[in-house]
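Each value in this text was obtained by applying a stated rule to the coordinates, not by laboratory testing. The structure displayed is predicted, hence computed values, not measured ones. Neighbour counts are summed over all protein chains in view; Cβ atoms, including those assigned to glycine, are modelled from backbone coordinates with ideal geometry.
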Amino acid sequence: MSWAESALSTALPWINDPEYHWHGNSSTGHPYNSAAIAYWNDANVTIKNARIISGEFTVCGMGRDVASGEITLVDSYFESTSSNKDNGTHWAYAMRLFGSKVRIDGCEVKGIQGGISIESCQDAVISSGKYYTVNTPGQIDAFYALYITNGAKVTITGGEFSAANDRSGGGCRSRERALSCRATMTLICRPEA
């Protein structure tokens, strides 16, 4: 495995302080990075059978528009407690994914501010799993389970998507309220057996 590749496969949880809601640097008085796992540019990341909980991003791609690595997430649980109500300054989707190729299979992603954000990737596939947002108790702060932006191309061949609130602005019904697309999405529906 080269320096640009990483793999995580564990039954133990990775917990990145679910009460820490800052994108930090030392000049702000919040010196810690907010992502449980961050990767840059050409890194290849494989996460299997993991449980990752974070106050901001569980997995965060860095290097918008230059990321060329491959990201594979399989049979894992990801949860973010981040909300725009936390401090009004910093918030995050449960995961932000960049890269030349993204594959998500059999995962569960729970977020408040949002579930998955896929940006710029021209070859992303979600094949199964459960992706959803929930409100912070007493708030109406949940956004999209899946946010596709910056020219990304995403194919969904399976999975469940739901959001706690309708953010469509147009009375959107059914599961469409869970998705926001500013790019290309192909939804492949198969008849139920």
From fewest to most C-beta neighbours within 10 Å, the residues Met62, Met95 line up as Met62, Met95
The stretch 90-156: spread of alpha-carbon positions along the three principal axes, whole Å, largest first, is 39, 25, 14
Under 21 Å from Lys85, Cα to Cα: lysines that are on another chain or at least 8 residues apart: Lys110
Grab the Cα-Cα distance for Thr72 and Gln139, subtract it from 0.36 nm times how many residues apart they are, and report the gain in nm with one decimal. 20.8 nm
